[in-house]
Amino acid sequence: MTELCLVRHGQTDWNRLEIIQGREDNPLNALGRQQAEESAAFLSQEQWDIIVSSPLSRAVHTAEAIATSCGIEHGAIRLDERFIEREFGAASGQPVKGIYEAVQADDQERLPGLESEGEMRARVLEGMKHLVDTYPGKRIIVVCHSHAIKAALSAIDDTYTFRHAMRNACSNYIIHQHGQFEVKAVNVADHITDPAIMK
């Protein structure tokens with residue numbers, strides 16, 4: 001059995017302001033750095049073999065915090081473009097309010113350049129298959145993004161959709177055995193500071 005834990009990065013200012021954030025390389029803010037440390041402390045209670053990250057800095061910095069707590073060298077973090085955030089096209093940089101429904105409707109006509117849900121599922125699933133084929137029997141953390149996690153979950157189990165909420169720095173557990181992926185736990189985040197508490 002190979003185990004994957006897909007972890008969302010900590011909060012950025014665009015997350016805080018509820019702005020659609022795709023491939024923009026926005027850094028973690030102060031709360032996001034705290035959330036990364038909280039995620040790291042939580043994950044360090046288990047043994048992990050490998051850490052993979054989206055190449056965007058908000059994911060990499062979250063991965064580095066986790067690597068430090070888990071005793072894995074920063075230089076050993078593997079970057080994989082297949083786990084990068086969704087390309088939101090014309091929606092990028094727009095307030096979530098008012099454009100959310102068009103994104104959820106996968107409306108590429110209204111939002112030119114929007115990566116479709118199907119395209120996202122295909123690339124994230126390809127990334128996960130590569131990991132389980134390359135590191136069979138290992139426990140792997142993948143630090144990525146909200147829509148990458150939703151793509152993974154919905155590719156495995158169609159009861160999950162892109163409408164499922166994902167808290168910053170949450171953990172999502174997936175196993176692979178007998179040639180099949182299975183979702184074990186989703187949006188595990190009781191250990192993460194909720195932005196609502198900070199207001």
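Tabulated values for the structure
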quantity	calculated
Stretchable slack from Ala185 to Asp106, in nm (0.36 nm times residue separation minus alpha-carbon distance)	25.9 nm
Accessible-area composition of the chain, carbon plus sulfur, in percent [1.4 Å probe]	48 percent
Relative packing of 135-148, 181-194, 113-126, which averages over residues the other C-beta atoms within 10 Å, highest first	135-148, 113-126, 181-194
For the range 1-125: rounded, prolate or oblate by the Cα gyration tensor [a/c cutoff 1.5]	prolate
Pairs of Lys in the chain closer than 21 Å at Cα, counting only those 8 or more apart or on different chains	7
Per residue solvent-accessible surface (Å²) - the chain, probe of 1.4 Å	46 Å²
Computed helical MRE - 222 nm, the chain, DSSP H runs ≥ 4 contributing -39500 (n - 2.57), nearest 500	-10500 deg cm²/dmol
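The values are calculated or read from the model by the stated rules, or taken from the named source; none is laboratory data. What you are looking at is a predicted structure, and each value in this text was computed from that prediction instead of being measured. Note: ideal-geometry Cβ built from the backbone for every residue, glycine included; neighbour counts use all protein chains shown. Accessible surface areas use protein heavy atoms only, side chains included; no ligands, DNA or RNA. Shrake-Rupley method; radii C 1.70, N 1.55, O 1.52, S 1.80 Å.
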